[in-house]
Amino acid sequence: MMQLGHIALVQWHLFGREDIALSGDTAILGRNRSGKSTLIDLIQAVMTGGSANLFRFNSSAGDSGGRRSERSLHGYCLGQLSENAFLREQSVTHVALVFEDRAGSRPPVSIGLCIEATTAGDMQI
């Protein structure tokens with residue numbers, strides 16, 4: 001059976017560059033606003049090919065001032081901090097998932113997205 005064994009990302013939300021190895025039974029644990037939902041949303045984006053009508057990002061994460069945030073693929077790429085504040089003015093975001101056969105009978109399978117985004121509103125997947 002193929003299992004998620006690795007997550008790689010460049011410029012996804014507040015993360016710069018991360019390589020996350022997974023093994024066995026894995027849980028995503030951390031304090032509030034530590035990036036748990038950000039990783040789950042990354043997996044959704046990759047598994048749906050970045051198609052907005054197929055994923056549903058965690059809209060309650062990052063609650064600010066009693067309002068629910070409106071997370072978007074565009075906002076994740078630019079590191080959106082609030083409605084008009086971004087960590088990056090432009091981004092070339094890379095996100096990838098590597099699935100591995102723990103029995104070793106099949107080679108690993110990698111799937112991912114490369115997304116270009118700017119604060120001017122442009123986004124290319």
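Brief remarks follow.
- For the stretch 1-41, the candidate set comprises residues that are under 26 Å from Asp101 (Cβ atoms) and assigned to a loop (DSSP other than H, G, I, E, B); within that set, the residue that is least open to solvent (accessible area, probe 1.4 Å) is Leu22.
- Condition met for Ser82 (hydroxyl-bearing (Ser, Thr, Tyr) and either in contact with a helix residue (DSSP H, G or I) (Cβ under 8 Å, 6 or more places away or on another chain) or within 21 Å of Ile125 (Cβ to Cβ) (or both)): no
- Scope the stretch 106-125; condition modelled with pLDDT under 95 and assigned to a loop (DSSP other than H, G, I, E, B); matching residues: Thr119, Ala120, Gly121, Asp122, Ile125
- Residues in the stretch 42-59 that are under 13 Å from the mean Cα position of the chain (by Cα), open to solvent by less than 80 Å² (accessible area, probe 1.4 Å) and more than 22 Å from Met2 (Cβ to Cβ): Phe57, Asn58.
- Selection count, the stretch 80-123, where residues are among the hydroxyl-bearing types (Ser, Thr, Tyr), over 11 Å from Val46 (Cβ atoms) and open to solvent by 50 Å² or more (accessible area, probe 1.4 Å): 3
The values are calculated or read from the model by the stated rules, or taken from the named source; none is laboratory data. These numbers were taken from a predicted model, which means no experiment stands behind them. Here the Cβ is made from the backbone with ideal geometry for all residues, glycine too, and neighbour counts use every protein chain on show. Remember, those area values only see protein heavy atoms, side chains included, never the ligands or the DNA or RNA. Shrake-Rupley method; radii C 1.70, N 1.55, O 1.52, S 1.80 Å.
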